């Protein structure tokens, strides 16, 4: 019995941010009905595939859902969607607001029909600001929210993080906001309209540590947290590879310097306290790199375990799927499909009463039209 069992979600989102948010809801037990246009979500064709329309990116963001095809350009399709929303707990979309009224899907229309509805709009920007209604993708938001500038500060030129940070982070926030709205509804009996703008979410994400001295008025320093901006903050090269180490407390650094045969550095006033170390991060990490390079990775892993300094090997992407801890806790799940064969994907990372929620194969396009609407999905010719 998963926590969201009995909750019905109508999911009109595509690409990454919205599907990731609804995937979390499905992982936690909600009945997520993914509404797709006749051509399907574009991620059905993003990445390697064994079967057309079932590409890797789609599979990894749309498990635990059902798929219904509706042509919202047609009055019949719009009415079918409204009828589904009438019996839903959550309606979520990532359609630009100016298009909603043309489809009859604006918040006022749907919440009037279903006052208990949690209506979630996943947008690029808050509607009240001058950017409201603009299109947005992960690259755009990374550029606006400081992510690309963080890379510039580190390596001398702006770059995007090599992961869809804005989509994934905002997807998590959207799922959390929807859950909060459902909790509020349990007390009030009424739903609400939830707005989840990518830009604002990611600006807050970036500024957690990087607002820094500008947190105060007047400012007490520059923006940017020096420790994480240091170019020397990276996996340390050892005599035969790399190791990820983080001496953090005063005791950690004293133990590390002693282990490295350089105990006298612990008395250096630049490194004697967390405040001093933060100010002199570059020098501290450069010194640590010199000391760590003299021994092997295994040496440092064993030494850090002995002196209680957090450390781990640096895993490649290929090594993650073979990691003994992840496999011991049953993190990866294998699903079997008559056409796709075995599909191995990351499981739900959280447990409920010691159990990891099960995964269901991501749906084929329109697979559940008959089940949900009582009629088959439009044929390819109809599309």
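Normalised by the number of residues in segment 236-313, the mean separation of alpha-carbon contacts (under 8 Å, six or more apart) gives a relative contact order of 48 percent.
Taking square-rooted eigenvalues a ≥ b ≥ c of the alpha carbon gyration tensor, is segment 15-153 rounded, prolate or oblate, where a/c under 1.5 means rounded and, failing that, a/b exceeding b/c means prolate? The shape class here is oblate. For the chain, relative contact order (Cα pairs under 8 Å, six or more residues apart, normalised by length) works out to 17 percent.
Candidate values (1) 1.04; (2) 0.98; (3) 0.94 were compared with Rg/Rh (Cα atoms, Kirkwood Rh) computed on the shown model; the agreeing label is (1). In degrees, nearest 10, range 0 to 90: what is the angle between the Cα axis of helix 165-188 and the longest Cα principal axis of the chain? Roughly 60 degrees between the two axes. For 368, 123, the sequence from fewest to most other C-beta atoms within 10 Å is 368, 123. Only helices enter the 222 nm calculation for the chain: every DSSP H run of n ≥ 4 contributes -39,500 (n - 2.57), and dividing by all residues gives -11000 deg cm²/dmol, rounded to 500.
Between 0 and 90 degrees, the angle of helix 281-292 with respect to the longest Cα principal axis of the chain falls at about 70 degrees.
Quick one: angle between helix 75-86 and the longest Cα principal axis of the chain, in degrees between 0 and 90, rounded to 10, please. That helix lies at roughly 60 degrees to the long axis. Ranked for footprinting exposure by Cβ neighbours inside 10 Å, fewest first, 99, 8, 65 give 99, 8, 65. For segment 188-223 versus segment 81-126, the spacing of their alpha-carbon centroids is 26 Å. When both bridge partners sit in the chain, DSSP labels roughly 35% of those beta bridges antiparallel.
Taking a ≥ b ≥ c as the square roots of the eigenvalues of the alpha-carbon gyration tensor, segment 1-87 is classed oblate because a/c is 1.5 or more while a/b is no larger than b/c. Please work out the C-alpha center-to-center distance from segment 11-60 to segment 287-365 and express it in whole Å. Here the two parts' Cα centres lie 24 Å apart.
Every number in this text was worked out from the coordinates using simple rules, so none of it is lab data. Since we're looking at a predicted model, the values are computed, not measured. With ideal geometry, Cβ positions are generated from the backbone for all residues, glycine too; neighbour counts draw on all protein chains shown.
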